[in-house]
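Here's the structure, in structure tokens; my notes come after.
The values are calculated or read from the model by the stated rules, or taken from the named source; none is laboratory data. Since this is a predicted model, take the numbers as computed values, not measurements. As a convention, Cβ positions derive from the backbone with ideal geometry for all residues, glycine included, and neighbour counts pool all protein chains shown.
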Amino acid sequence: MSQFLTVERLIEAIGPWTYRKGPLYLRLADAIQEAADAAALDAGARLPAERTLAEALDVARGTVVSAYAALADRGVVQRRRGSGTTIAEQTRRLPGSHHRSPELDRVAASGPGIPIDLTIGAPPPSPLTAELAASAADALRGGAPHHGYAPMGLPALRDGLATRLTAQGLPTTADELLITSGAQGAISLLATALVRPGDRVLVESPTYPGAIEVFSRAGAVVLGIRRDAVGPRPEDLERLIAVQPPALVFLVPTCHNPTGSIMHEQRRREVLAVCRRHDVLVVEDLTLSDLVFDGVKPPHIASMTEIEHVVTIGSFSKALWGGLRTGFLRADRSLVLRLGRLKTARDLGSGLLDQAAVVAALPRIDEVIERARTRARDHYEVVSGLLHEAIPEWEQTVPKGGYSIWCRLPAGHGDRFAATALSFGVGLTTGAAAAPQEMLLDHVRITCAADLPVLREAVERLQAAWRAQLGAQAHAA
């Protein structure tokens with residue numbers, strides 16, 4: 001006999017579903033599906049009757065009817081005459097609507113942008129970048145074939161990266177590396193090769209919004225692992241994996257995006273142990289790892305196990321320039337060859353002139369990283385101080401590195417404030433974009449990568465936007 005799910009229990013499980021995007025019935029369907037996928041609703045549980053739920057949610061009965069029908073089409077629920085609507089086993093589920101990252105929306109947008117865009121945590125070009133204009137001769141000297149197609153990457157760059165990672169305590173050979181179009185290109189390759197529609201992908205909550213979008217576009221059900229002060233909670237990871245093994249677990253352990261935290265070494269080992277026990281692949285994103293404010297960082301997760309258990313990705317965008325579309329992926333040789341073949345079919349390889357420019361930067365890369373780290377720390381201190389003065393009621397998470405300040409609003413919804421801030425000329429990333437299950441709706445991310453005069457003006461505009469929103473809320477009350 002199926003367990004009957006009360007209206008109160010269902011409403012608690014789905015959370016504040018109305019702030020999602022799309023038609024009302026799809027918002028409700030997506031919220032119920034995410035609750036079921038996160039094991040907040042048990043398989044076999046019987047959902048409330050359509051009319052009863054509609055009255056409790058203060059929506060038309062047709063909204064609930066359409067939501068239940070969409071869930072049935074996706075395989076999330078089963079509907080039998082006389083038995084009502086019950087949560088199905090997770091076997092043939094189709095994905096719901098995909099997640100959209102406002103950060104990627106800004107990058108893709110054409111035409112004039114908003115006056116101050118704080119959705120992108122990327123600094124201006126390093127002073128060294130202007131010296132790095134590479135030529136075909138530079139690429140050829142780096143081992144490029146004369147025809148110019150090198151899908152695995154420029155040999156000199158693969159060799160240089162292998163030496164650098166080995167010096168960091170992560171023994172690596174050139175044939176364990178694939179050069180990608182930034183870390184985003186590496187994430188996209190992994191999603192295409194390893195994720196199938198209906199697969200689960202586990203990420204930290206919050207995490208990098210661009211990764212959530214890539215995985216959801218691949219058809220994955222993206223679920224968030226709750227975090228505490230030292231990283232993702234192993235017990236939550238264990239619970240999610242036990243329900244259904246995921247295709248992979250995506251982590252940003254050092255200079256976490258967006259909180260700027262560093263996963264404690266012991267927590268890294270605990271999380272890795274859970275994944276090893278269930279034979280689940282870990283993807284470790286090192287994109288921001290060079291921006292630790294004090295320069296001290298724990299060992300990479302990949303250094304704690306055999307190479308086949310962890311894929312490591314990284315990029316030069318935070319040290320040199322995002323315009324040099326050069327990242328990398330470290331994995332066991334068989335996976336590198338598989339991904340290299342996929343990359344060949346996609347684009348025949350990333351640009352060799354960009355790669356040659358990075359090769360030229362490698363002898364001075366530590367100097368460049370030190371400047372970037374100092375800039376990140378100094379900008380954080382200035383912006384954090386300004387925010388404390390301008391909006392003292394915001395609760396700031398103190399980062400240990402990176403270009404972000406993660407803020408909790410004392411009242412209101414992050415998306416709503418972001419809309420208000422946009423009317424004052426400032427673009428923000430919100431908790432709804434950084435968490436796949438509507439977990440952090442009262443958060444926003446402030447990036448500190450822009451020049452200081454721009455950031456000072458941004459804080460002034462945010463203060464005005466916050467006062468305007470509080471005034472509107474008081475008037476409405």
TODO: Test Gly111 against the criterion of being of a type outside the set (A, V, I, L, M, F, W, C) and at pLDDT 60 or above, and give yes or no.
DONE: no
Task: Residue ID - surrounded by the most Cβ atoms within 10 Å (Cβ to Cβ), chosen from residues in region 419-454 that are farther than 16 Å from Glu395 by Cα and without any contact (Cβ under 8 Å) to a residue 40 or more places away in the chain - done: Ala419
- [ ] Output the residue which, of all residues in region 206-230 that are within 11 Å of the chain's Cα centre (by Cα) and part of a loop (DSSP other than H, G, I, E, B), is nearest to Gln184 (Cα to Cα).
- [x] Tyr208
- [ ] For Ser315, state whether it is crowded, with 19+ Cβ neighbours inside 10 Å and among the hydroxyl-bearing types (Ser, Thr, Tyr).
- [x] yes
- [ ] Tell me, yes or no, whether region 226-235 has at least one residue that is hydrophobic (A, V, I, L, M, F, W, C) and either touching a Gly at 6+ places or on another chain (Cβ under 8 Å) or surrounded by 22 or more Cβ atoms within 10 Å (Cβ to Cβ) (or both).
- [x] no
TODO: Hey, can you tell me all the residues within region 268-289 that are over 15 Å from the mean Cα position of the chain (by Cα) and either surrounded by fewer than 21 Cβ atoms within 10 Å (Cβ to Cβ) or β-branched (Val, Ile, Thr) (or both)?
DONE: Arg269, Glu270, Val271, Ala273, Val274, Arg276, Arg277, His278, Asp279, Val280, Leu281
Open item on the list: From the list Arg445, Arg467, exactly one residue is part of a helix (DSSP H, G or I) and either more than 19 Å from Asn257 (Cβ to Cβ) or touching a strand residue (DSSP E or B) at 6+ places or on another chain (Cβ under 9 Å) (or both). Which is it?
Closed with: Arg467
- [ ] Give Pro258, Pro246, Pro206 a once-over and let me know the one that is within 26 Å of Gly295 (Cα to Cα) and in contact with a strand residue (DSSP E or B) (Cβ under 6 Å, 6 or more places away or on another chain).
- [x] Pro258
- [ ] Would you mind listing the helices (runs of 4 or more DSSP H) fully within region 288-405 where at least 2 residues are over 21 Å from Arg164 (Cβ atoms), among the charged types (D, E, K, R) and at pLDDT below 95?
- [x] 333-347
- [ ] Would you mind finding the one in Arg371, Arg375 that is closer than 30 Å to Arg158 by Cα, more than 25 Å from the chain's Cα centre (by Cα) and not assigned by TED's automatic domain parsing to the domain that holds Leu291?
- [x] Arg371
- [ ] Examine region 299-307 for a residue that is buried (at least 23 other Cβ atoms within 10 Å of the Cβ) and in the same structural domain as Leu223 (by TED's automatic domain parsing), and state whether such a residue exists.
- [x] yes
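So which of Val368, Val358 ends up being surrounded by 17 or more Cβ atoms within 10 Å (Cβ to Cβ), of a type in the set (A, V, I, L, M, F, W, C), within 30 Å of Gly143 (Cβ to Cβ) and in contact with a Phe, Trp or Tyr (Cβ under 6 Å, 6 or more places away or on another chain)?
Val358
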- [ ] Answer yes or no: is there a residue in region 52-59 that is touching a residue at least 24 places away in the same chain (Cβ under 8 Å), farther than 29 Å from Ala419 by Cα and not assigned by TED's automatic domain parsing to the domain that holds Gly219.
- [x] yes
